[in-house]
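One structure is given here, and the rest of the page talks about it.
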Amino acid sequence: MQISGVVRSLVSVGLVLLTFSAGAQSPITLVANPLPTLVSEGSENARLNQLVEQAFIELGVNVELAVDRPAFSGSGLLTGKYDGEFAHFGLQERRNNLLYSKAYLPALLYVASRKYPLDDVTQFSHIRNSRVATTNRIANTPAMRNIKAVSWVRNPTLYDMFSQLSEKRADYVFEDWLVLTEFNRMLTNDGEKPLFVSPNPLVSSAMVLSLRKDYPNAQQVLDSFDSYIRDIQRDGRFNQAMAVGWTSMDINGDGTADWITSAQMHHDDVPPMSQKGVLPLDKTQPGEASLFVIDGEQFTSWPDAQAKLNDQPVLPRPTLLDREIYKRMLQRW
């Protein structure tokens with residue numbers, strides 16, 4: 001049974017006022033640290049660059065996005081070179097001179113292994129004394145420094161982290177689910193077995209946007225950004241921006257998570273409630289009352305939703321990681 005579709009909301013009066021007030025100002029300059037497939041300079045596969053840029057276009061606010069190394073982005077935020085961050089990692093410390101948006105993307109950190117199934121691994125004590133490779137952006141946060149059950153193998157880049165696993169200098173890697181998914185996609189496309197991944201994240205955080213407190217209408221800009229993200233998360237546009245087939249969140253306030261996607265994404269015939277590859281956008285759990293939402297159109301049953309998706313099937317996409325960078329690693333894998 002099909003329920004009446006969700007109509008995308010019109011721009012509010014407050015948003016119109018924001019457009020006029022911000023339009024006359026110089027562009028907001030936001031910075032982030034590199035993270036392949038999510039944050040990159042001049043890359044079509046930089047999902048957060050594209051998401052944030054499109055958000056500010058919709059808000060009518062001029063923005064310039066910069067990608068910089070942590071030391072330089074930090075000093076730039078102190079000196080005023082940058083007005084804020086467009087991908088602040090929630091485990092990192094917050095700055096007193098900045099205001100922060102609500103979480104706009106979960107950062108779910110999983111353990112993965114090349115050799116060992118991880119079905120029973122739900123905390124670091126389950127892999128005690130193991131060597132776990134991760135990136136500096138994770139390992140150097142206050143929360144991760146307090147974890148003593150494992151030996152951290154710190155790496156400046158994502159490539160270096162996966163190299164530790166490839167060269168058997170680490171037993172596990174620890175990274176964001178979105179990144180691990182892209183690495184596994186690259187492995188399977190190359191005829192290799194994917195990494196084993198823990199059933200649940202061992203650490204949950206989020207990405208947020210920040211803006212300096214003295215920027216004109218700073219809180220209004222952040223509130224409008226939050227509203228835009230909330231809208232696109234409910235109708236499949238967020239799925240397209242993040243290149244994720246299924247997400248879940250409660251869209252109608254009944255306390256039950258609903259399944260959300262876009263017909264422009266690839267889907268197999270497996271229903272989302274039996275997949276591990278669903279990105280949860282809030283803390284609600286699915287149940288019998290869960291809806292299936294496709295580009296804002298709501299369905300109460302999986303067969304009806306599946307029929308809608310089958311109207312315009314989409315081929316699987318390649319990995320968002322640059323395979324040329326990993327080519328030699330794959331040859332020795």
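Quick note: the coordinates plus some simple rules give every number you see, no bench work behind them. Just so we're clear, the structure is a prediction, and the values are computed from it rather than from any experiment. Methodologically, a virtual Cβ is constructed for each residue, glycine included, from the backbone with ideal geometry; neighbour enumeration extends over all protein chains shown.
Give me the percent relative contact order of the chain, please, defined on Cα pairs under 8 angstrom at least 6 residues apart. This gives 21 percent for the chain. Each DSSP beta bridge with both residues in the chain is either parallel or antiparallel, and the antiparallel ones are about 55%.
Which net charge results when you count Lys and Arg as +1 and Asp and Glu as -1 among the other residues whose beta-carbon is under 13 Å from that of Glu288?
That sum, taken over residues with Cβ under 13 Å, equals -2.
Just check the stretch 33-98 against the gyration tensor rule for me: Cα atoms, a ≥ b ≥ c as the square roots of the eigenvalues, rounded for a/c under 1.5, and otherwise prolate or oblate depending on whether a/b exceeds b/c. It comes out oblate by the Cα gyration axes.
A Förster radius of 25 Å, combined with the Cβ-Cβ distance separating Lys148 from Tyr100, puts the computed FRET efficiency at roughly 0.30. Measure out, as a whole number of angstrom, how far apart the alpha-carbon centroids of the stretch 144-191 and the stretch 40-63 sit. Rounded to whole Å, the Cα centres lie 27 Å apart. Note on Lys81: aspartates and glutamates with a C-alpha under 18 Å away, same-chain residues under 8 apart excluded, are Glu41, Glu64, Asp68, Asp214.
Starting from 0.36 nm per residue, how many nanometres of slack lie between Thr122 and Ser274 once their C-alpha separation is accounted for?
52.8 nm
Length gained on full extension, Gln264 to Asn129, computed as 0.36 nm times the residue gap minus the Cα-Cα distance: 44.2 nm. Among His266, His88, the order by Cβ neighbours within 10 angstrom, fewest to most, reads His266, His88. Relative contact order of the stretch 244-310: 35 percent, from C-alpha pairs under 8 Å at least 6 residues apart in sequence. On the basis of the beta-carbon distance and an R0 of 25 Å, Thr79 and Ile57 show a calculated FRET efficiency of 0.35. Under 5 Å from the amide H of Glu297 lie the amide H atoms of Val6, each residue being 5 or more positions distant or on a separate chain, with H modelled from the backbone and absent for Pro and chain starts.
Expressed to the nearest 5 percent, the antiparallel share of DSSP beta bridges inside the stretch 244-310 is 45 percent. Within the stretch 192-333, antiparallel bridges make up roughly 45 percent of the DSSP beta bridges whose residues both belong there.
Note that the stretch 218-227 has calculated 3J(HN,Hα) couplings of 4, 5, 5, 4, 5, 4, 5, 4, 4, 5 Hz, one per residue in order, obtained from phi through the Karplus relation 6.51 cos²θ - 1.76 cosθ + 1.60 (θ = phi - 60°); glycine and proline are x. Once you sort the root eigenvalues of the Cα gyration tensor of the stretch 244-310 as a ≥ b ≥ c, which label holds: rounded (a/c under 1.5), prolate (a/b larger than b/c) or oblate (the other case)? Taking the square roots of the gyration eigenvalues as a ≥ b ≥ c, the stretch 244-310 is prolate. Close amide H pairs (under 5 Å, H built 1.01 Å from N) link Leu105 with Met207, residues at least 5 positions away or on another chain.
Diffusion of the stretch 200-333 by Stokes-Einstein, at 25 °C in a medium of 0.890 mPa s and with Rh set to the Kirkwood radius over alpha-carbon pairs, works out to 145 µm²/s.
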